[in-house]
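The values are calculated or read from the model by the stated rules, or taken from the named source; none is laboratory data. All values derive from a computational prediction rather than experimental measurement. Cβ coordinates were reconstructed from backbone atoms using ideal geometry, including for glycine residues, and neighbour counts include every protein chain displayed. Side chains are part of the model used for accessible areas, which takes the heavy atoms of the whole protein and leaves out ligands, DNA and RNA. Shrake-Rupley method; radii C 1.70, N 1.55, O 1.52, S 1.80 Å.
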Amino acid sequence: MNIPKEKLLEMHRAMLDIRNFDNKVNRLVKKGVVPGMTHFSVGEEAANVGAIAAIERGSDLITSNHRGHGQSIALGIDLNAMMAEIMGKATGTCKGKGGSMHIADLDGGNLGANGIVGGGMGMAIGAALTQKMKNTGKIVVCFFGDGAVNEGTFHETLNLASVWKLPVIFYSINNMYGISTPIKDMINIDYNYQRASSYGVPGHFIEDGNDLMAVYTKFEEIVKYVREGNGPVLVESITYRWLGHSTSDPGKYRTKQEVDEWKKKDPIARFRDYLLKNNLASGEEIAKQEVASEEAVEESVKFALSSPEPTLESAFEDIYAP
Ligand SMILES: Cc1ncc(C[n+]2csc(CCOP(=O)(O)OP(=O)(O)O)c2C)c(N)n1
Ligand SMILES: [Mg+2]
């Protein structure tokens, strides 16, 4: 594999930022500094970063779901503005009116996170139709969880995207639970990607979604296929969330042993070992990134804490499109 070193380190850094950022937000929620519900991407870093590293950042588009921190960071959002948004500050990406579940970054190609399970799918195919009609050459990646595949919109949008041959990748990050319900109790097939054939689209499976290189190489292949105008693809990767569904989850539906087993498959440690073993980066370079990432997250907290609250009048702004 011939991936420039700069790109490898960029992916490593993005995974570190996701982990450090979300662990920090988790601590801030517990301290009462962050209001509202938050859903974390810790443990799912490779499944997010590998996919986004294969698209054209700043040009291609994504939609995401309630667990969107990982995608936003992988796409290169400004961490200060993201932390401010999560704290409801005026300097946030949505001027503090969206919070964790509605992070959007239109300049970066992030059409927005979404609190409605399956809610990003209609947006994704609408955006994909625009790209096709305007011949922009851009593609859309629609991120969702394993729990979203039994929503009606999954079937409707996959079908329509297939019929209209839209440039969209439907990407199911399968962390094996929808809140407390195991996926095996929700579907009577082994995996979600197997549904692709019902809609006449190719289905792809990434068995080890904690292997960054496996996710990235599979996505490179899929992105090329979709960009060439061949229509949509459904892809699924298997990973695991280390933390609760949200900050209010006591986690009684799974054992500590199961969580510990998955922690041994840590996507960041594995990629670090891969870089070192193959002489693709030095220990010093990696350590430097680890420190820089922690500093950037601390900086984002300082920025957010010292930012102003939105004014009362701003509640009436940005409601209608000009
Ligand atoms: C339409 C709708 N139904 C139910 C919910 C409540 N809900 C929030 S997250 C979630 C589970 C989603 O599971 P999954 O898609 O696997 O994503 P994960 O949280 O595992 O990343 C549910 C049922 C909702 N937000 N929207
Ligand atoms: Mg899930």
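Determine the dipole magnitude for the chain: charges of +1 sit on the beta-carbon of Lys and Arg, -1 on that of Asp and Glu, nothing else is charged, the reference point is the Cα centre, and the result goes in debye to the nearest 20. Don't skip to the end; give the middle numbers.
Working: 34 positive and 41 negative charges, 54 e Å.
It works out to roughly 260 debye.
Compare the peptides 34-40, 139-145, 257-263 by average per-residue count of other Cβ atoms within 10 angstrom and give them in order, highest first.
Values: 34-40: 19.1, 139-145: 27.7, 257-263: 12.0.
Highest-to-lowest ranking by the protection proxy: 139-145, 34-40, 257-263.
When we measure straight from the Cα of LYS97, which aspartates and glutamates land under 13 angstrom away, once same-chain ones fewer than 8 places off are left out?
GLU85, GLU309, GLU313, GLU317, ASP318
How big is the Rg/Rh ratio for the stretch 199-322, C-alpha atoms only, Rh by Kirkwood, two decimals?
Working: Rg = 21.1 Å, Rh = 19.4 Å.
For the stretch 199-322, the value is 1.08.
Can you list residues whose amide H is under 5 Å from TYR177's amide H, if they're 5+ apart or on another chain and H is modeled 1.01 Å from N?
Amide H neighbours of TYR177, under 5 Å, 5+ apart: ILE183.
Determine the per residue accessible area of the chain with all protein chains present and a 1.4 angstrom probe, expressed in square angstrom. Numbers along the way, then the final one.
Working: 14660 Å² over 322 residues.
Value returned for the chain: 46 Å² of accessible area per residue.
Per-residue counts of other Cβ atoms within 10 Å, averaged by peptide: what ranking do you get for 58-67, 21-30, 294-303, 167-176, highest first? Can you show the working numbers first?
Details: 58-67: 23.1, 21-30: 18.9, 294-303: 16.1, 167-176: 26.3.
Packing proxy ranking, top to bottom: 167-176, 58-67, 21-30, 294-303.
Starting from the alpha-carbon convex hull of the stretch 94-192, give the projected area averaged over all orientations, in nm².
Values: hull surface 29.3 nm².
So the mean shadow area of the Cα hull is 7.3 nm².
Output the peptides 68-78, 225-235 sorted from most to least packed, where packing is the average of other Cβ atoms within 10 Å over each peptide's residues. Display every interim value, and only then the final one.
Values: 68-78: 25.4, 225-235: 20.3.
Per-residue Cβ counts within 10 Å, averaged per peptide and sorted highest first, yield 68-78, 225-235.
Between the stretch 152-192 and the stretch 15-89, what's the alpha-carbon centroid distance in Å?
Between the Cα centres of the stretch 152-192 and the stretch 15-89 lies a distance of 22 Å.
Over the stretch 12-150, what portion of Cα pair distances is larger than 27 Å, expressed as a whole percent?
Every Cα pair in the stretch 12-150 considered, those over 27 Å come to 16 percent.
If you add up the charges near ASN174, with Lys and Arg at +1 and Asp and Glu at -1, over every other residue whose beta carbon is less than 9 angstrom from its beta carbon, what do you get?
Numbers: positive: none; negative: ASP146, GLU236.
Within the 9 Å Cβ shell, the charges total -2.
Which of ASP146, ASP249, ASP190 moves the most in a Gaussian network model of the chain with Cα springs under 10 Å?
ASP190
Relative contact order for the chain: what percent, with Cα pairs under 8 Å and sequence separation of 6 or more? Working shown, then result.
Working: 603 pairs, mean separation 75.0, N = 322.
The normalised contact order for the chain reaches 23 percent.
Under 27 Å between alpha carbons: how many lysine pairs meet that in the stretch 259-302, if sequence neighbours fewer than 8 apart on the same chain are excluded? Spell out each step's value before the answer.
Numbers: LYS263/LYS277; LYS263/LYS288; LYS264/LYS277; LYS264/LYS288; LYS265/LYS277; LYS265/LYS288; LYS277/LYS288; LYS288/LYS302.
Close lysine pairs found across the stretch 259-302: 8.
Search the structure for amide H atoms under 5 Å from the amide H of VAL141, placed 1.01 Å from N in the peptide plane, and list their residues when 5 or more places away or on another chain.
Placed amide hydrogens put LEU61, ILE62, THR63, ILE169 under 5 Å from VAL141.
For PRO35, what charge total do you get from the other residues with a beta carbon under 14 Å from its beta carbon, if Lys and Arg give +1 and Asp and Glu give -1?
Values: positive: LYS30, LYS31, LYS89, LYS97; negative: GLU85, GLU309.
With Lys, Arg at +1 and Asp, Glu at -1, the net is +2.
Which order do you get for LYS252, LYS264 if you rank them by accessible area with a 1.4 Å probe, largest at the top? Intermediate values should be presented prior to the final figure.
Values: LYS252 180, LYS264 145 Å².
Most to least solvent-accessible, the answer reads LYS252, LYS264.
State the volume of the convex hull built on the alpha-carbon positions of the chain, expressed per residue in Å³ and rounded to an integer. Don't skip to the end; give the middle numbers.
Numbers: hull volume 43.2 nm³, N = 322.
Convex hull of Cα atoms, per residue: 134 Å³.
If you roll a 1.4 Å probe over the chain with all protein chains in place, what percent of the accessible area is carbon or sulfur? Mind showing how you got there, number by number?
On the way: 7640 of 14660 Å².
So the carbon and sulfur contribution to the accessible surface is 52 percent.
Ordered by residue, what ³J(HN,Hα) values in Hz, to whole numbers, does the stretch 105-112 give under the Karplus form 6.51 cos²θ - 1.76 cosθ + 1.60, where θ = phi - 60° and Gly and Pro are x?
8, 4, 4, x, x, 8, 6, x
Output wanted: per-residue J couplings in Hz (rounded whole) for the stretch 122-132, from phi through Karplus 6.51 cos²θ - 1.76 cosθ + 1.60, θ = phi - 60°, x for Gly and Pro.
Taking θ as phi minus 60°, the curve returns x, 4, 5, 6, x, 5, 5, 5, 4, 4, 5 Hz for the stretch 122-132.
Give me the percent relative contact order of the stretch 26-95, please, defined on Cα pairs under 8 angstrom at least 6 residues apart.
Numbers: 58 pairs, mean separation 21.1, N = 70.
Once divided by the residue count of the stretch 26-95, the mean separation gives 30 percent.
Considering Cα pairs under 8 angstrom that are at least six residues apart, work out the relative contact order of the stretch 187-291 and quote it in whole percent.
Details: 75 pairs, mean separation 26.0, N = 105.
Relative contact order for the stretch 187-291 comes out at 25 percent.
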